[in-house]
Structures are given as structure tokens and as C-alpha cells.
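Participant: Following this message is one structure expressed as C-alpha cells.
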Amino acid sequence: MSEVAVVPETILDNGQGVIDFDVYFEMNEPPANLPEFEEKLSAFVEYHKATNNKVVFITSGGTTVPLENQTVRFIDNFSNGNRGATSAEYFLEAGYAVVFMHRQNSVLPYHRHYTHSNLGFLDYFEAKEDGSVQVCPQYATKMYQTLVKYQEAKKSNRILMLDFVTLPDYLFKLQSGTKILARLENRAMYYLAAAVSDFFIPSTKMAEHKIQSRDGGLTLTLDQVPKFLKPLVSHWASKGLIVSFKLETDTTLLVPKARQALTRYGHQVVIGNMLKTRKQTVTLITQHSQKVLALTKEQMNHDVEIESLIIPQLVQIHQNWIASGDTE
Ligand code: PAZ
């Protein structure tokens, strides 16, 4: 018989039916590659600390929620990591070093122009009679420019790609990663664009093996994930500039929920976006201000990306944060 850890409900519950983070970390196994993650990130952070660079820690893409310990099935969400990957490029252009903590196989900075476009990847190339491969002439200039930027970011050690898949994988790496970034104090920015599940099945309550269909329909009971912004803002990264995202589908909830998050957690910026219009318009909210950033029709026709409006605003806010400890 397998052993099951029994934790009394009174220890788990914070009074609102949600467990605290330290309990969560005690009850779940850290990912096997956490030591490697920490080693790579520490080396990157020490390098940029010595050169006094500003570093942004971007989270990108969605977390999966496993339904079985030996996982065959899992719950996923819509996020493909476009926001995070696009933002990473604008942060690099603004002179930041970027830690890109992304869902495995989601959209990557620079690669995205070829892996997530209207064409298939191989459609950019042609096979020559001499046995070589060449970029089709009509795509060569843009591909050259993109490749130069990507290689420059790698050569100057200004981009570190780290990945996650599951919710526990993400949460362990978020905790550990933000604590390591905290060595940079106010020169670190945390840009939390990942779509993180609000619900999960604790491994102690999860089926060990593949759930069988012979018993008919499946009813799932999910626990609530503890709110990670609370310990992140108060303990893990209290000196950095913290930017969280709030996604809604009901417009009337967007600003109130974003403001509620700012008040509840006490961090600096919430970016509100609606599922359907997230690529055209966002609302940037700080403790003292609220600004809608929206692409004009003209900008949309010219493929201007909303992140090209978001990142300069955040760079300015971060500058203020470093200079005065305030966002204004
Ligand atoms: O990854 P993507 O480009 O498809 O979507 C981006 C986004 C909508 C997940 C992001 O902008 C966001 O709002 N993230 C936080 C989601 C949340 O409220 O948990």
C-alpha cells in the first residue's frame, strides 16, 4: 500500500479555505531540475549585479495542473506565451537583461517571428541544387535583422531562458527565482505575465495511476492555489518593482479587480487586459494613476505591437522606483 501524508485541516487552512504557501511547499515535491535552475540563475544574476544592469524576470505562458501523479491527463489554459515573448524583445531593446521563465514549448522571443506566424517554419527556406539550404530572398532581410538581435542578446549574456510545465514546477521556481533576483534589490523588475492556475489537486489527494474510464463520468474537486503575490511582495522580492497582470472576460470587473490586487498585495503595477482585446488595449494601473494604452487603427494596420507601448511606460516607472522608491 502506498503511504499518504495526512495533514490536519486546521493546519492547512488560513481561515478562508486556502492553504498558506509554506504549507504548499511542504506538501509538494520540488521539481527535479530546481538545483540546475538555481545554479544558472545565480550565475546570471551575479554577472549582471557586477555590471550594475537592470534585470527583468518575465514569467510567460500557462501552467498545467496534473490530474494523476503519474500524469497522463492535465488541465491547461489558453495562454501561448505571446505577451511574455514579445515583451522580452522590447525589454532587451530598452537595455535590460532578461530572465525568460516560460512554459516549455510556448512562444519564445525572436523565434516567434518564424514559429508562430502565418507560414510554416520550413516555408521560409528553399533547398538548392548544390545541396545547401537558403532563406527565401523575400524573407531574408527581416530574418537577418531578427537573427542579429537574438545573437547579440545571447552573446552579451542578456537573455536567460528557463522553463516550467506544471503548477508546482512554476511555483517552486517562482519562489526560488524571485529570491535570487532579490540580490539586485531595486534594479530587478518582476513582470508576471504567465497565466497561472487558481486551482489544483494536491498530490496527496491525486490518483497515482491513469484515471480509468470504466467507472463512467469523472467528478473533480480542486483546491484553491495560495495567492503567491502575497509572499512575493512582502518577503521574496520586496525591494524590486513588481508588475502583475489581471485577465478578465467581464469588462466591469477589470479595473476594480486590478485595484483590489494592488490594495491587497501592496505592489506597484497591475496591467489589466481583456481576453478578446489583449493584443490591442491594456490598462496600466499604479497606486496613484490609471492609464489606458491602446493601439490606433493605423498602428494595427502597420502591425505595431501593444508591448511597444507597455514597456517604455514600465521602464520609466522602474527608473522612478530606483531614483525615489515611488512609481511617479
Ligand atoms: O500568453 P498570451 O499572450 O496568450 O496571453 C497573455 C495573458 C493574457 C495570459 C497575460 O497578459 C495575462 O493577463 N496574464 C495574467 C493572467 C491572470 O490573470 O492570471
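The values are calculated or read from the model by the stated rules, or taken from the named source; none is laboratory data. These figures come from a predicted structure and were not determined experimentally. Positions of Cβ are generated from backbone atoms using ideal geometry, with glycine treated the same way; all protein chains shown enter the neighbour counts. The accessibility values were calculated without ligands, DNA or RNA, using every heavy atom of the protein model including side chains. Shrake-Rupley method; radii C 1.70, N 1.55, O 1.52, S 1.80 Å.
Participant: Just the residues that are of a type in the set (D, E, K, R) and part of a loop (DSSP other than H, G, I, E, B), please, taken from the range 280-303. Please lay out each step first, then the result.
Facilitator: Initially, the range 280-303 is screened for residues of a type in the set (D, E, K, R), giving 291, 297-298, 303.
Answer for the range 280-303, where residues must be of a type in the set (D, E, K, R) and part of a loop (DSSP other than H, G, I, E, B): just 303.
Participant: Taking into account only those residues within the range 87-97 that are open to solvent by less than 40 Å² (accessible area, probe 1.4 Å) and more than 12 Å from the chain's Cα centre (by Cα), which is nearest to the ligand (Cβ to nearest atom)? Let's see the steps before the verdict.
Facilitator: First, pick out the residues of the range 87-97 that are open to solvent by less than 40 Å² (accessible area, probe 1.4 Å): 87-89, 91-92, 96-97.
Going one step further and asking which of them are more than 12 Å from the chain's Cα centre (by Cα), we end up with 89, 91-92, 96-97.
Values: 89: 13, 91: 15, 92: 18, 96: 18, 97: 22 Å.
Checking each candidate, the answer is 89.
Participant: To continue, here is another question. Return the total of residues in the range 27-42 being closer than 21 Å to residue 153 by Cβ and open to solvent by less than 90 Å² (accessible area, probe 1.4 Å).
Facilitator: The total comes to 3.
Participant: Would you point out which residue out of 249, 281, 286 is closer than 22 Å to residue 197 by Cα and more than 17 Å from the chain's Cα centre (by Cα)? Spell out how you get there, then give the answer.
Facilitator: Details: 281 fails: closer than 22 Å to residue 197 by Cα; 286 fails: closer than 22 Å to residue 197 by Cα.
After applying the criteria, what remains is 249.
Participant: Return the residue satisfying two criteria in turn: it lies in the range 208-250 and is in a helix (DSSP H, G or I) and open to solvent by 90 Å² or more (accessible area, probe 1.4 Å), and of such residues it is nearest to the ligand (Cβ to nearest atom). Let's see the steps before the verdict.
Facilitator: From the range 208-250, those in a helix (DSSP H, G or I) are 213-215, 229-236; that's our starting set.
Those still in the list that are open to solvent by 90 Å² or more (accessible area, probe 1.4 Å) too: 213-215, 230, 235.
Working: 213: 31, 214: 36, 215: 33, 230: 15, 235: 21 Å.
Out of the qualifying residues, it is 230.
Participant: State whether the residues of the range 253-262 include one that is outside the structural domain of residue 202 (by TED's automatic domain parsing), within 16 Å of the ligand (Cβ to nearest atom), surrounded by 12 or more Cβ atoms within 10 Å (Cβ to Cβ) and within 18 Å of the chain's Cα centre (by Cα).
Facilitator: For the range 253-262, residues outside the structural domain of residue 202 (by TED's automatic domain parsing), within 16 Å of the ligand (Cβ to nearest atom), surrounded by 12 or more Cβ atoms within 10 Å (Cβ to Cβ) and within 18 Å of the chain's Cα centre (by Cα): present.
Participant: If you scan the range 263-285, which residues turn out to be loosely packed, with under 15 Cβ neighbours inside 10 Å and more than 10 Å from the ligand (Cβ to nearest atom)? Full working, then the answer.
Facilitator: Initial filter on the range 263-285 (loosely packed, with under 15 Cβ neighbours inside 10 Å): 263-264, 266, 275-277.
Listed by number, the residues that qualify are 263, 264, 266, 276, 277.
Participant: Restricting attention to the range 162-207, and to residues there that are within 16 Å of the ligand (Cβ to nearest atom) and of a type in the set (D, E, K, R), which single residue is most open to solvent (accessible area, probe 1.4 Å)?
Facilitator: It comes out as 198.
Participant: Please identify the pairs in which a residue from the range 99-115 that is under 15 Å from residue 162 (Cα atoms) has its Cβ atom under 6 Å from the Cβ atom of a residue that is away from the ligand (no atom under 14 Å from the Cβ) and assigned to a loop (DSSP other than H, G, I, E, B), counting only partners at least 6 apart or on another chain.
Facilitator: Here the result reads 104/165, each pair linking the range 99-115 to a residue that is away from the ligand (no atom under 14 Å from the Cβ) and assigned to a loop (DSSP other than H, G, I, E, B).
Participant: Still on this structure: May I ask you to list the residues in the range 292-327 that are in contact with a Ser or Thr (Cβ under 7 Å, 6 or more places away or on another chain) and open to solvent by 70 Å² or more (accessible area, probe 1.4 Å)?
Facilitator: Of everything in the range 292-327, just one residue is in contact with a Ser or Thr (Cβ under 7 Å, 6 or more places away or on another chain) and open to solvent by 70 Å² or more (accessible area, probe 1.4 Å), namely 292.
Participant: Condition first: open to solvent by 10 Å² or more (accessible area, probe 1.4 Å), of a type in the set (Ser, Thr, Tyr) and within 13 Å of the ligand (Cβ to nearest atom). Now tell me which residues in the range 43-86 satisfy that.
Facilitator: 79
Participant: Scan the range 114-169 residue by residue and report those that are at positive phi and under 21 Å from the mean Cα position of the chain (by Cα). Can you show your working first?
Facilitator: Of the range 114-169, the ones at positive phi are 131, 157.
Listed by number, the list holds a single entry, 157.
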